[in-house]
Amino acid sequence: MILQMKDIVKTYGNVVANDHVSIDLNEGEILAIVGENGAGKSTIMKILYGLEKADSGEITVWGEKVNFRSPIDAMKHHIGMVQQHFMLFGSMTVTENIVYNNEIAKNGFFDRKANREKVRQLSEKYGLMVDPDAIIDDCPVGTQQRVEILKTLYQDASLIIFDEPSAVLTPNEVDDLLRTLRELAKAGKSIILITHKLNEVMAVADRITVMRAGKVIKTLNRADTNTDELSYLMIGRHTADLQLRPHNPGETLLQVKDLTMGSAAGKKVLNGVNLEVRAGEIVGIAGVSGNGQTELVRCITGLEREYEGSVTVCGHDVSNKGVDTIRQAGLSHIPEDRYVWGSAREASLSDNFLMGEENSEKYSRHGVLKSKQIIEHADKLIAEYSVKVDNSRQKMKELSGGNAQKIITAREIEREVPLTIACEPTRGIDIGAMEFVHERLVNKRDHNGGILLVSSELSEILKLSDRIYVMYNGQLNHEFKHGEVDERKLGKLMLGGKADE
């Protein structure tokens, strides 16, 4: 046994994040840790990696009791972590990113040839093929993740923590990742996998630890369990099987015509995009990150105003108009980045729930905010969406990423407007919350609302969408009705494949 974490306790004020948590790991083993947002799985890994300090408990690594004060201490003990959000320098090469802060020098200068060769050897050893000279910004997401893994291996990590590693990958890239995890374990590396994707857990894990409310509920061998049992253990109940009921769409709520936008380098990031969303339908956009989905949504919602073509929301021409004008036309927006566009981290939860509605008569009068109504509104949505917080006066920055996502999703879904743009609405949230969000989106659709759904989760796109567009290289190349396409075919089309292949 290479790792033992025994009776770890960690509290934040009145919140007990880890309640006497004990976890162990064997050499060459893949241990999956699963649980809802706020279950404590990320906290226990932050403690292991030196990002947080436990209030009490013991950690033993390779027979030595340790007390890590920083990730540097963890790395000295051969522990590495592949973060969910890649920590890479976009303008630098693959080689420069992998060897950063531990470069091979010659006569006091960066030895490009020696560093490049070192990366090539490491890449071949672990079957993680990369171009050492490629610029990170030019690499697809799957390649960037391989660079992150190689960077960790270059630091001589023997125990590697993977935090939601497949969150932004296509099905084909996920297959490559799972294959990589198995090969790393065969090579003697020990893996801890934090994920909410139970099918992936069942594909690679040797053992699975389920956490709920800061405690370890159970640790099981993969061969002795299944996704239904794991889901039940995670949330304490069985999930419902959501089905789209047949529904005839009505009037057009969103119409995009010939939308074209160029980049600073002169390349067309959007090239003649046409789409529509009608009342009573969910329209999904499937695409690999970086193919124009972000720019399309920014144009529709008013975050980007330098484009050609037209955007109509609920009968109003909002082409090149600002965010407030477009929201007033009848649109709500769950943004792709929960912190950059979706919230104010230093503001209270009640203020974050209020955003976009601060001038409405419901919450203000003659420019004076109605504090009681604002708090009541926030408390209602916190309860309905099971957001794990002390109270609505907490700051947004104190929440886990998943709970922050719940607040933004709740705020935008519950706005009484006809059209919702939902970008990654369930990113980083747990099974129970995901089920609830899906029900709310479908409920809005069934009550003649229109939803444009942009998600890297193909299962989500396939499950919820009445129609699906495939976006590749700034264009919408294919359109399918619900049930006409499967995940494999969709994954190929997202990478530029042909429909008849």
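The values are calculated or read from the model by the stated rules, or taken from the named source; none is laboratory data. Since the model is a prediction, treat every value here as computed from it, not as a measurement. Ideal geometry is used to build each Cβ from the backbone, glycine not excepted, and the neighbour counts take in all protein chains shown.
Over 24 Å from the mean Cα position of the chain (by Cα) and outside any loop (DSSP other than H, G, I, E, B) - does that describe any residue in the range 238-252?
Yes, the range 238-252 has at least one match.
Can you find a residue in the range 411-418 that is within 24 Å of Asp228 (Cβ to Cβ), touching a Gly at 6+ places or on another chain (Cβ under 9 Å) and outside the structural domain of Leu230 (by TED's automatic domain parsing)?
No, there is no match, as no residue in the range 411-418 is within 24 Å of Asp228 (Cβ to Cβ), touching a Gly at 6+ places or on another chain (Cβ under 9 Å) and outside the structural domain of Leu230 (by TED's automatic domain parsing).
Considering (1) surrounded by fewer than 19 Cβ atoms within 10 Å (Cβ to Cβ); (2) hydrophobic (A, V, I, L, M, F, W, C); (3) assigned by TED's automatic domain parsing to the domain that holds Gly322, say which one Leu244 fails and leave the rest.
Of (1) surrounded by fewer than 19 Cβ atoms within 10 Å (Cβ to Cβ); (2) hydrophobic (A, V, I, L, M, F, W, C); (3) assigned by TED's automatic domain parsing to the domain that holds Gly322, only one is false for Leu244: (3).
Please go through the range 89-112 and give me each residue that is free of Cβ contacts under 8 Å to residues at least 24 places away in the same chain and on the phi < 0 side of the Ramachandran plot, ordered by number.
Glu96, Glu103, Ile104, Ala105, Lys106, Phe109, Phe110, Asp111, Arg112, listed by residue number.
Kindly provide the set of residues from the range 34-59 that are within 22 Å of the chain's Cα centre (by Cα) and either under 13 Å from Gly214 (Cβ atoms) or outside the structural domain of Asp163 (by TED's automatic domain parsing) (or both), ordered by number.
Gly35, Glu36, Asn37, Gly38, Ala39, Gly40, Lys41, Ser42, Thr43, Ile44, Ile47
Out of the range 424-436, which residues are of a type in the set (A, V, I, L, M, F, W, C) and assigned to a loop (DSSP other than H, G, I, E, B)?
Once the filter is applied, which keeps residues that are of a type in the set (A, V, I, L, M, F, W, C) and assigned to a loop (DSSP other than H, G, I, E, B), the range 424-436 yields only Ile429.
State all residues of the range 444-461 that are modelled with pLDDT of 90 or more and in a helix (DSSP H, G or I); if no residue qualifies, say none.
Matches in the range 444-461: Lys444, Arg445, Asp446, Ile461.
If you check Glu416, Glu439, which single one turns out to be surrounded by fewer than 23 Cβ atoms within 10 Å (Cβ to Cβ), assigned to a loop (DSSP other than H, G, I, E, B) and at pLDDT 85 or above?
One residue alone meets the criteria, Glu416.
With respect to the numbered conditions (1) surrounded by fewer than 23 Cβ atoms within 10 Å (Cβ to Cβ); (2) within 26 Å of the chain's Cα centre (by Cα), which one is the sole condition not fulfilled by Ile282?
(1)
For the range 316-339, enumerate the residues that are closer than 20 Å to Asn274 by Cβ and in contact (Cβ under 8 Å) with a residue 24 or more places away in the chain.
Correct list: Ile326, Leu331.
Yes/no matrix, rows are residues, columns are (1) more than 30 Å from Glu295 (Cα to Cα); (2) in a helix (DSSP H, G or I); (3) outside the structural domain of Asn37 (by TED's automatic domain parsing):
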position	(1), (2), (3)
Gly356	no, no, yes
Lys372	yes, yes, yes
Asp379	yes, yes, yes
Asn403	no, yes, yes
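Being more than 23 Å from Ile300 (Cβ to Cβ), crowded, with 20+ Cβ neighbours inside 10 Å, of a type in the set (Gly, Ala, Ser) and modelled with pLDDT of 90 or more: is that true of Ala433 here?
no
If you go through the range 302-356, how many residues are surrounded by fewer than 18 Cβ atoms within 10 Å (Cβ to Cβ) and closer than 22 Å to Glu424 by Cβ?
The number of residues fulfilling the criteria is 12.
Only one of (1) touching a residue at least 40 places away in the same chain (Cβ under 8 Å); (2) within 25 Å of Thr195 (Cβ to Cβ); (3) surrounded by 24 or more Cβ atoms within 10 Å (Cβ to Cβ) is not met by Thr426, so which one is it?
(1)
Enumerate the pairs (first residue in the range 62-75 and modelled with pLDDT under 95; second residue anywhere and in a helix (DSSP H, G or I)) with beta-carbon separation below 6 Å, excluding pairs fewer than 6 apart on the same chain, so at least 6 apart or on different chains.
Cβ pairs passing all conditions: Phe68/Ala74.
Looking at the range 282-295, is at least one residue over 28 Å from Asn248 (Cα atoms) and without any contact (Cβ under 8 Å) to a residue 24 or more places away in the chain?
Within the range 282-295, none of the residues are over 28 Å from Asn248 (Cα atoms) and without any contact (Cβ under 8 Å) to a residue 24 or more places away in the chain.
If you scan the range 448-479, which residues turn out to be surrounded by fewer than 20 Cβ atoms within 10 Å (Cβ to Cβ) and out of contact with any helix residue (DSSP H, G or I) (no Cβ under 8 Å at 6 or more places or on another chain)?
Those that are surrounded by fewer than 20 Cβ atoms within 10 Å (Cβ to Cβ) and out of contact with any helix residue (DSSP H, G or I) (no Cβ under 8 Å at 6 or more places or on another chain): Asn448, Arg467, Asn473, Gln475, Glu479.
For the range 113-231, give me every one of the strands (runs of 3 or more DSSP E) that falls completely inside it and has 1 or more residues that are surrounded by fewer than 18 Cβ atoms within 10 Å (Cβ to Cβ) and either assigned by TED's automatic domain parsing to the domain that holds Gly90 or free of Cβ contacts under 8 Å to residues at least 40 places away in the same chain (or both).
215-221
Give the range 12-49 a look and list any residue that's in contact with a Lys or Arg (Cβ under 6 Å, 6 or more places away or on another chain) and closer than 21 Å to Lys189 by Cβ, or say none.
Leu31, Ile33
Looking at the structure I just gave you, is Ser386 hydroxyl-bearing (Ser, Thr, Tyr), surrounded by fewer than 19 Cβ atoms within 10 Å (Cβ to Cβ), free of Cβ contacts under 8 Å to residues at least 40 places away in the same chain and in a loop (DSSP other than H, G, I, E, B)?
It is false that Ser386 is hydroxyl-bearing (Ser, Thr, Tyr), surrounded by fewer than 19 Cβ atoms within 10 Å (Cβ to Cβ), free of Cβ contacts under 8 Å to residues at least 40 places away in the same chain and in a loop (DSSP other than H, G, I, E, B).
Which ones in the range 263-293 are of a type in the set (D, E, K, R) and under 21 Å from Gly483 (Cβ atoms)?
Matches in the range 263-293: Glu276, Arg278, Glu281.
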